[in-house]
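Here is the structure we will look at, set down as structure tokens.
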Amino acid sequence: TLQGGPEFARWLEERGPRPLPPPAPAEPTSIAREGDTLHVTLDRPERRNAYGTQLRDSLVEALRLALLDDSIEHVLLDGAGPSFCAGGDLDEFGRTPDTAIAHLIRTRGGAGRLVARLADRIEVRLHGHCVGAGIEIPAFAGRVVADPATVFRLPEVSMGLIPGAGGTVSVPRRIGRWRAMHLFVTAAPLDAQRALEWGLVDEVARQSISFRP
């Protein structure tokens, strides 16, 4: 409904036309198996791991592997480059002509439901800017660790939208409805220490990140 509303239409008009993002030069996520642990890395650092169609579908396939393989007892999810995930790829916003189909894709085809199903065996390690889906999806995980310099933000209100990658469920579960509403309505940034105090993350710890461009 909001995607078909005047506020989102106004945001799209003000943003202006943009070309579709270029195809990923390689698989947008990388996976490695070590014993009973599956290590999944968002691997499109040139776009700050924006949660676009290609990265989303690749991440979903990696998480499905963990669900199908009972021998995988632990899943570690992190991101390459300067940020874990800069949120939805804005260059793709407004491309789906049917808002009902767009809603179905985001809610049924996204990674949030799979992370929730894997919650008891998945750990997500965050760093850099975690925007929109970059915190909505990790918040479903049973354990979330953030680098001290991590910054969280839910900016959808400025587009006439609400968090659409599962955040209206995952974020309130962790920090309660009032604090979640504050983040949703103000789009205010939240630093790692405050996120720890509120329960949005479970630990703040310096991480070894691959900062290749």
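Observations on the structure shown:
- Filter result for residue 50 (among the small types (Gly, Ala, Ser), at pLDDT below 95 and open to solvent by 60 Å² or more (accessible area, probe 1.4 Å)): no
- Residue in the range 172-190 that is part of a loop (DSSP other than H, G, I, E, B), touching a residue at least 40 places away in the same chain (Cβ under 8 Å) and surrounded by fewer than 18 Cβ atoms within 10 Å (Cβ to Cβ) present: no
- Residue 153 being charged (D, E, K, R) and open to solvent by 80 Å² or more (accessible area, probe 1.4 Å): yes
The values are calculated or read from the model by the stated rules, or taken from the named source; none is laboratory data. The structure displayed is predicted, hence computed values, not measured ones. So basically every Cβ, Gly included, is an ideal-geometry build from the backbone, and we count neighbours across all protein chains shown. Remember, those area values only see protein heavy atoms, side chains included, never the ligands or the DNA or RNA. Shrake-Rupley method; radii C 1.70, N 1.55, O 1.52, S 1.80 Å.
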